[in-house]
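**Student:** Encoded as structure tokens, here's the structure I'll be asking about.
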Amino acid sequence: MAMENVVVAFVFAARNSPLLYFTDWSYSTYLLLHRWLGYWVIIHTVLHSVMLLVYYKVFGSYKEEIICPYWIWGIVGTVAVVALLPTSLLVVRQRLYELFLASHVVLSLLFIIGYYYHIWYCYGYNWGYEVWMFIAGGIWGAERVSRLARMVFKGRHTATVKLVEGTDGEYIRIDIGGVHLRGVACLCFPTLGWRLWENHPFSVALSNTKGGVKVAEKPRPAAHNAFPEKSAKESAGEICDLSTQAAVVLEGTRATGSTFFARTRTGITAQLAARATAASRDSTVRLRVLIDGSYHPSTNSQLAYCTAILCIAGGVGITAVLPYLDKVRSPRRGQLYWATRKAGLVNALKPELDALSDVRVETELGRRLDLDAILRKELTWSNPDEGPLGIIVCGPAGMADDVRQNAARLTREGHTRRPWALVDEAFSW
């Protein structure tokens, strides 16, 4: 039973799983199921090992069995799968993501290899138990190959990395030209360090699809005496006006590209910030990047019938809610509440926030949002004829929990005057 659950766990862990396209579940939901199936794999494996140990102890053949190859490989598989638990705890994933990623791959492979030789030395190919290993290994290998193929053939680009001004190096901005991304993309910077295989998820904050910078055609020099009624000064002024118009077109039209904002922590974000700091005076560096993705969330069905969108963001969580707000068009109403500690991050995103024509934006600098007051205003003071409200939250785990608890409490107490749907954009690993 443990190996059967491994097959399903591998399916749920795959970023390119066909189930993501056939269902309306988000990748975070699949990862949640992956973790719970992993718990069952550990429980079944430990029970199997303990029961065999007790059996051979009781019937007196323990000393003969422990030197058998199948027993040794069974121990390898059991130890590997048990070691997956402490190395996959949330605190490890948050603080030592590289350790979690590397240990997860190595220990999973050890478990599969140990299982295979455990079965082969015990039964050979007589009972078909090895088939589960082939299926699990095939799923894992195919998914890894598909990731690599996407990165090599479609994901090779150049990224511009710079520190966000006014944030004391706490935030970085990553711009990648020539690619339109949505949701979450996994970025790999092969020239950043010796761990060439590492790629990390980043939320796409901005993405443009206008296809390139449009340059106004240069005005042709006028022939002599073409406008004899105009003075030379007037003609020169007209040419200057045309040049100014061309500059406006250049500034107002963006090329195709995607932008990410990230908070500098340990690991890859710290390396990117250090490279940008040491690069030049303007703290900007250009690096080769391989892109795996993008993987956009499946939340359209939850928000399709909502007549208003309420976004609550904390810090760099603004990057996950901006794509939702960018799609808000009248008569649908949008509202953004954003709390951040750094004014520089607000200034960096000011052009995008100002461009949200049908969205009211309220920011809190250095202070917490009054979530209870916000939800009371949107859920209890609103007109019941306004229709369902879509609530999207992205920020610290405590913020998401508070939004969920406050909205649920208001509903239980009978204060809400409209239905609502909650989308938690906390991308968990």
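**Student:** What's the local net charge at W420, with K and R +1, D and E -1, over the other residues with C-beta under 12 Å away?
**Tutor:** It works out to a net charge of +1.
**Student:** Of V316, W40, L20, which is farthest on the positive side of the dipole of the chain, counting Cα position, with +1 on Lys and Arg Cβ, -1 on Asp and Glu Cβ, and the Cα centre as origin?
**Tutor:** Sorting the options by dipole projection puts first V316.
**Student:** I'd like to know which of I391, W420, L345 lies farthest towards the positive end of the charge dipole of the chain, counting +1 on Cβ of Lys and Arg and -1 on Cβ of Asp and Glu.
**Tutor:** Projecting each Cα onto the dipole axis, the largest value belongs to L345.
**Student:** Under 8 Å for C-alpha pairs, at least 6 residues apart: give me the relative contact order for the chain, rounded to a whole percent.
**Tutor:** 15
**Student:** Give, in whole angstrom and from largest to smallest, the semi-axes √(5λ) of the equivalent ellipsoid of the range 2-153, with λ running over the eigenvalues of the Cα gyration tensor.
**Tutor:** In descending order the semi-axes read 31, 18, 14 Å.
**Student:** Taking the Cβ of V393 as the centre, find all other residues whose Cβ is under 10 Å away and add up their charges (Lys, Arg: +1; Asp, Glu: -1).
**Tutor:** Computed value for this residue: -3.
**Student:** Here's a follow-up. Which log10 I(q)/I(0) values, to two decimals, does the range 300-424 give at q = 0.11, 0.22 Å⁻¹ under the Debye formula with one point per Cα?
**Tutor:** With one equal scatterer per Cα and no solvent, log10 I(q)/I(0) is -0.34, -1.38.
**Student:** If you don't mind, another one. Enumerate by residue number the chymotrypsin sites (Phe, Trp or Tyr not before Pro) in the range 11-87 meeting two conditions: DSSP loop (anything except H, G, I, E, B), and at most 11 other Cβ atoms within 10 Å of the site's Cβ.
**Tutor:** Here the chymotrypsin sites (Phe, Trp or Tyr not before Pro) that fit, given the DSSP loop and packing criteria, are F59.
**Student:** Gaussian network model of the chain, Cα springs within a sub-10 Å range: biggest mean-square fluctuation belongs to which of N208, N199, N126?
**Tutor:** With Cα springs under 10 Å in the chain, the top fluctuation among N208, N199, N126 is at N126.
**Student:** May I ask for log10 I(q)/I(0) of the chain at q = 0.08 Å⁻¹, from a Debye sum over the Cα atoms as equal point scatterers with solvent left out?
**Tutor:** Treating every Cα as an identical point scatterer, log10 I(q)/I(0) equals -0.61.
**Student:** Next question. Let me check against my output: what whole-number percent is the relative contact order of the range 300-424, with C-alpha pairs under 8 Å and at least 6 apart?
**Tutor:** 33
**Student:** Which residue fluctuates most in the GNM of the chain (Cα springs below 10 Å): R367, R150, R417?
**Tutor:** Residue with maximal mean-square fluctuation among R367, R150, R417: R367.
**Student:** Moving on to the next point. If I build a Gaussian network model for the chain, linking alpha-carbon pairs within less than 10 angstrom, which residue out of G155, G366, G38 has the largest mean-square fluctuation?
**Tutor:** Answer for the Gaussian network model of the chain: G366.
**Student:** Taking GluC sites (Glu not before Pro) that fall in a DSSP loop and have at most 12 other Cβ atoms within 10 Å as cut points, what is the longest piece of the chain between them?
**Tutor:** Of all site-free stretches, the longest is 1-216.
**Student:** Separation between the H415 and L31 pseudo-spin-labels, each 7 Å from Cα along Cα→Cβ, expressed in nm?
**Tutor:** The modelled label-to-label distance comes out at 3.2 nm.
Every read-out reported here was derived from the displayed coordinates using simple, explicitly stated rules and does not represent laboratory data. Because the structure is predicted, anything quoted here is derived from the model rather than measured. All Cβ positions, even for glycine, are placed from backbone atoms using ideal geometry, and neighbour counts span all protein chains on display.
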